1. Just to check I understand the Karplus step: with θ = phi - 60° and J = 6.51 cos²θ - 1.76 cosθ + 1.60, what whole-Hz values come out for segment A:109-122, glycine and proline as x?
2. Say each of B:GLU54 and B:THR137 gets a label point 7 Å from the Cα, pointing the same way as Cα to Cβ; how far apart are those two points in nm?
3. Assign one of three labels to the protein assembly as shown, namely rounded, prolate or oblate, based on the Cα gyration tensor with a ≥ b ≥ c the square roots of its eigenvalues; rounded applies when a/c is under 1.5, prolate when it is not and a/b is larger than b/c, and oblate otherwise.
4. Express the relative contact order of chain A as a whole percentage, based on alpha carbon pairs under 8 Å and six or more residues apart in sequence.
5. When we measure straight from the Cα of A:LYS278, which aspartates and glutamates land under 17 angstrom away, once same-chain ones fewer than 8 places off are left out?
6. With a 1.4 Å probe and all protein chains left in place, how much of the accessible area of the protein assembly as shown comes from carbon and sulfur atoms, in whole percent?
7. If you take the beta carbon distance between B:VAL83 and A:ARG37 as r and set R0 to 22 Å, what does 1/(1 + (r/R0)^6) give as a FRET efficiency, to the nearest 0.05?
8. With springs connecting C-alpha atoms under 10 Å apart, model chain A as a Gaussian network and identify which of A:LEU183, A:LEU169, A:LEU152 has the largest mean-square fluctuation.
Amino acid sequence: MAASVERLFTAASTIEEALAARRQGATVLAGGTWMMRDPRRGVDLPEAVVALHRIPALSKVEIEPDHIVIGAAVTHTVLGRALRAVAGFEGLVAAAEGAANPGIRRVATVGGNLCALGFAAADLAPALLACEATVELQTFEGSRLLGISDFLKDRPALLTEAMVTRIHLRRDLIASAHIRLPLRQAGDYPVAIVSFAVDKDKRCRIAVGSVEPVARRWTALEQAMAAGPAPALDPKRAAELALEHNDFQGRDGKEAEGWYRRQVLPTLVRRAVAALLKTEGLAWL
Amino acid sequence: MVVTFQLNGEDCRFDGDPMTPLVDILRQERFLTGTKAVCREGFCGACTVHVDDEAVPSCLKPVGLVQGCAVTTIEGLSSGNQVLHPLQANFEAADAVQCGMCFPGMVMSLSAFVRDNPHASRPEIKAAMVGNICRCTGYERIVDAVADCLDQARKAGQLVGGIHV
Ligand SMILES: Cc1cc2nc3c(=O)[nH]c(=O)nc-3n(C[C@H](O)[C@H](O)[C@H](O)COP(=O)(O)OP(=O)(O)OC[C@H]3O[C@@H](n4cnc5c(N)ncnc54)[C@H](O)[C@@H]3O)c2cc1C
Ligand code: FES
Ligand code: FES
């Protein structure tokens, strides 16, 4: 059992209360599925934590006709359930329902997934990149909105002061898919992830996770898809383009070496396009 | 810090580090050793308990987060002297258990699952077991026993949560 430590633990009931605790040095605790493993990574648990689970505003998913707002403390299970019937967000639902295992998904939050620094295999990161999500942060100076690409890039600096409160999505997708490659069929970290979305202007948005240290958009492939004729939404053709425009530097890791993560991408693109074509939004193609 | 919660229907008070994993309190302070700490990383499921009726790994649950919650462990499902949970009875009848290391967690995950999914298919049962690793059985007998349990409940016209947890 952990030695008796006088640790400060605040269960905030409002965002303001959480921010006040942050100002006094507390670290955000969401589901704890990442943080509780810090000691195994040789990192001490923080001396002061502020838990978000009792803040109602951060624990709900609001679905409006033109946008969706997701609280940072929403769990994977709740997110998947909330969006299951919302056309266009199949990819985000697959990410929420396919990550980790059922017990972890009941606990692990959206905010925790996006804020776990040093975690390259986060499923929600590429899925939200493909949605072109906007991240709402609370900083000591007030609230701030940031595109998810910028958020992911600048995370280490941003999170020294800020906390994530909500994720905003436009409802401008007609279809999306999220394809992950774990080593076992399920239950472990994905070796590589491809999230693919098609918006109302028939523009493809493609994001890749777990291949490089931080998830990012695959703009080279997006441009190639836009340049080609419309039937580029053919699984085989998309895989060929993915092979031609593969500009990823795979990271070496416990589960797989970098070259392998990079090499599987065209196959995942093929599967993603095949999955897209099965969605309601694109079934007419 | 003092944390209070319900443990198997009784008041429980813990005074100590709020980041202590729940599993350690269950095993070392309450001697509820049915809950196993095997991987301590959320991968194996042997430490699964119910927190407010949801099956979650107790190795990654800081006790501070269960303030005011209801925690049920395998011992709370049936003391052994009482009637077993239908799922436990089915596992016993099917002789599904081998070394038993994974089973408390397996029962806690699957008892919540059958309660919430009375019409689950075989692939759905398998998907629900993704976070519960068993090194002995090869899983098929466990899946059979869960499917039988659901079948019997449907035939008897009752949900498997009949023994309420
Ligand atoms: C067995 C297992 C399998 C897993 N498999 C997968 C997988 O397949 N795919 C995947 O994506 N993930 C996987 N994970 C990782 C898991 O999803 C993440 O650990 C989880 O999303 C983190 O969420 P949490 O709420 O538990 O975060 P916590 O552990 O509470 O926090 C994580 C970090 O984020 C910070 N933080 C949390 N919320 C905020 C916020 N709102 N604002 C600012 N900072 C914040 C915390 O300070 C901490 O540094 C797995 C984890 C386990 C244990
Ligand atoms: S000990 Fe908790 S999941 Fe393995
Ligand atoms: S019965 Fe031995 S691990 Fe499952």
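1. For segment A:109-122, the Karplus curve yields 9, 5, x, x, 5, 7, 9, 6, 5, x, 9, 7, 9, 4 Hz.
2. Label at B:GLU54, label at B:THR137, 2.6 nm between them.
3. oblate
4. Across chain A, relative contact order equals 15 percent.
5. Counting by Cα, and skipping residues close in sequence, A:LYS278 has these aspartates and glutamates nearby: A:GLU90, A:ASP199, A:ASP234.
6. 51 percent
7. About 0.05, to the nearest 0.05.
8. Result: A:LEU183 has the largest fluctuation of those listed.
The values are calculated or read from the model by the stated rules, or taken from the named source; none is laboratory data. Just so we're clear, the structure is a prediction, and the values are computed from it rather than from any experiment. No Cβ is skipped: glycine too gets one built from the backbone with ideal geometry, and neighbour counts run over all protein chains shown. Please note that ligands, DNA and RNA were not included when accessible areas were found on the heavy atoms of the full protein model with its side chains. Shrake-Rupley method; radii C 1.70, N 1.55, O 1.52, S 1.80 Å.
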